[in-house]
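Written out below as structure tokens is the structure these notes cover.
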Amino acid sequence: EGLENPMSCAFGAEVVGTDAKTLFVNTSATAGCDVSFSLLFRTDTGLTAAQQCDVRVLPRLAPEVSIATVLGTAATKVNAGAPFALDAFVQSSAGFGVLANWTVDGALVGGLPLDEATSTSPDFVYLSEYFASGSFVPGPTNLVFRPSTLVEGATYTVSLSASYFGVPDGIETDTSVASVSFTVNRPPRPGLLTVSPESGDASTERLLRAAAFEDEDLPLEYRFFVRTAPNGPFQLLSATVQTTNAISLLLPPAAGVITVKVVVSDRFGAETEAFASAEVLAGTGEAASEEAEEILGDLTDGVGDLSTDQVYQALQRFTGFLEVALDDDEVDPEAVQDLQLEALEFLNAFIDDSNVELLQADLLETQSGLLSFLSGLDTASDADGGAANELFEEVLAIVEFLLADAVDGTQEATDDSSFVTVL
């Protein structure tokens, strides 16, 4: 009768054996405790006898293990198309060596084993010397999944186990385990992109609308792009994040059909694309050159009142008109070069004065596309070296600003390939 617990150790449920002579006590939570059992025997006639049994529960040593990664705001989903890293560490407060091992519960793409699906080894060995000071391991237990190795829609549990080795006889040890579960995000279900009207001149405002894109992870975000040449880069039409599925604007002209694109992303960043074509007629080369000059004049006059979106949309139309003008042998290439230089000077001043806060990967692509055209010279013309040098200096000034700001870490995205594109 009775169970004394002078050290306030935490016990599980006590179970008395079927013969009433055996007491089972869960001591998993009492490591290091001194436990005193007071046994009272009582007969049917009222006679009693007491016996005390003192027990020390020896500790079972185990390394400390922790997964430090926080899986986004909702802590539930990751994207299959991007690398996915889990940051973790182990510690040996006892000073023994540690064996650590990652495992994954859930099938990987193509039945890949974990060591082929990751760019880091799932197995780690730390000698006791590593823990001489008892400090934490600075990150070498990280696990990095390669892109497209996780199955969209699947749920995984990834675990890091750690156990001691090289332990002297007489010391009991346990294995420590830390786990994290997550679901792999599915991109929005594909929809359609339409341009209305599909054909018209460069002064015709177009409505770009993305329809029928569906996803459970709302809100959806929309980014619209345009490409004026079949093999040219797509350039961002609106640097401002769009939470509505449509945008109305003037598209840049081209000698042929242009391509517009929408990238639809859910709140976890998974993306789906759709494309459409449109015809934007520019007229003669001389008319195109005059339109470009007028756009540049409007930009210069309204520089303080224009948004980033307005500036880049106008510059895209400007370069489209100049491309049309350059294809016309009747247009003076030196006049086009002068317009190029003026546009570069404007862009340089705008980026410098506006403190551009939109240095994300997509906008860097747009800026690099504009720079690529604006800095180009008509090699068949008799352009003088002085003008060429001025163009070169303006380009360098802009690139220097963009790269310095990127290195400073103020841009929204850190896509190194975009920085290389600018160069």
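Would you mind working out the magnitude of the charge dipole of the stretch 187-281 relative to its Cα centre, with +1 at each Lys and Arg C-beta and -1 at each Asp and Glu C-beta, to the nearest 20 Debye?
Working: 7 positive and 12 negative charges, 48 e Å.
Here the stretch 187-281 has a charge dipole of around 240 debye.
Local charge sum around PRO190 (other residues, Cβ-Cβ under 10 Å, Lys/Arg +1, Asp/Glu -1)? Could the numbers behind the result be given before it?
Numbers: positive: ARG189; negative: GLU214, GLU273.
Value of the local net charge: -1.
Counting alpha carbon pairs within less than 8 Å and at least 6 residues apart, what relative contact order, in whole percent, applies to the stretch 187-281? Please list the in-between numbers first.
Numbers: 234 pairs, mean separation 36.2, N = 95.
So the answer I get is 38 percent.
Count charges around GLY200 for me, please; just the other residues with Cβ under 10 Å from its Cβ, Lys/Arg as +1, Asp/Glu as -1. Before the final figure, lay out each step's value.
Numbers: positive: ARG206; negative: GLU198, ASP201, GLU205, GLU279.
Cβ neighbours under 10 Å give a net charge of -3.
If each residue of separation counts as 0.36 nm, what is the full-extension length gain between LEU396 and ASP332 once their alpha-carbon separation is subtracted? Show your work: numbers first, answer last.
On the way: separation 64, 0.36 × 64 = 23.04 nm, distance 2.58 nm.
So the extension gain works out to 20.5 nm.
Run the simple label-point estimate for ALA287 and ASP123 please: 7 Å along Cα→C-beta, distance reported in nm.
7.3
Can you give the FRET efficiency for GLU205 and ASP353, using 1/(1 + (r/R0)^6), R0 = 35 Å, r = Cβ-Cβ distance, to the nearest 0.05? Walk me through the numbers before you get to the answer.
Details: r = 28 Å, r/R0 = 0.81.
The computed FRET efficiency comes out at 0.80.
Give the residue from ALA210, GLY200, PHE224 lying farthest towards the positive end of the charge dipole for the stretch 187-281; charges sit on Cβ (+1 for Lys and Arg, -1 for Asp and Glu) and the dipole is referred to the Cα centre.
GLY200
Residue by residue through the stretch 53-69, which ³J(HN,Hα) values in whole Hz follow from phi under the Karplus form 6.51 cos²θ - 1.76 cosθ + 1.60 (θ = phi - 60°), with glycine and proline marked x?
Those phi angles translate into 10, 9, 10, 10, 8, 5, x, 10, 7, 8, x, 8, 9, 8, 9, 8, 5 Hz.
Please list CYS53, CYS33 from largest to smallest accessible area, probe radius 1.4 Å, with all protein chains kept in place.
Values: CYS53 55, CYS33 20 Å².
In descending accessible area the options line up as CYS53, CYS33.
In the neighborhood of GLU271, defined by Cβ-to-Cβ distances under 10 Å, what is the net charge if each Lys or Arg adds +1 and each Asp or Glu adds -1?
Working: positive: ARG223; negative: GLU221, ASP266, GLU273.
Surrounding charge for GLU271 is -2.
The values are calculated or read from the model by the stated rules, or taken from the named source; none is laboratory data. Keep in mind that what you see is a predicted model, and the values were worked out from it rather than measured. Note: ideal-geometry Cβ built from the backbone for every residue, glycine included; neighbour counts use all protein chains shown. Accessible surface areas use protein heavy atoms only, side chains included; no ligands, DNA or RNA. Shrake-Rupley method; radii C 1.70, N 1.55, O 1.52, S 1.80 Å.
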